[in-house]
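To keep things clear, I will list the structure first and then write my remarks on it.
The values are calculated or read from the model by the stated rules, or taken from the named source; none is laboratory data. Everything quoted here is computed from the prediction, not taken from an experiment. Methodologically, a virtual Cβ is constructed for each residue, glycine included, from the backbone with ideal geometry; neighbour enumeration extends over all protein chains shown.
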């Protein structure tokens, strides 16, 4: 799902980094079939819905907040 004003490749790369982060299980957001599609090069922007994208980004922000507090 493209987001106006953002490069889809950059967003997909950021989401991939967040999805691959230590302690994160992609099955929280993707079905087994979608995980296989992602592993075969499908864009997470096409596989995740808007709510899942926002959740991943919020979790990234909260990790950043925890790091700043340390």
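Of note:
- Annotation: of all residues in the stretch 48-63 being farther than 15 Å from residue 24 by Cβ and not in a loop (DSSP other than H, G, I, E, B), the one that is modelled with the lowest pLDDT is 54.
- Single unsatisfied condition, residue 66 versus (1) at pLDDT 80 or above; (2) part of a helix (DSSP H, G or I); (3) out of contact with any helix residue (DSSP H, G or I) (no Cβ under 8 Å at 6 or more places or on another chain): (1)
- Output for the stretch 31-62, where each listed residue is in contact (Cβ under 8 Å) with a residue 24 or more places away in the chain and surrounded by fewer than 16 Cβ atoms within 10 Å (Cβ to Cβ): 46, 49, 50, 55, 57, 59, 60
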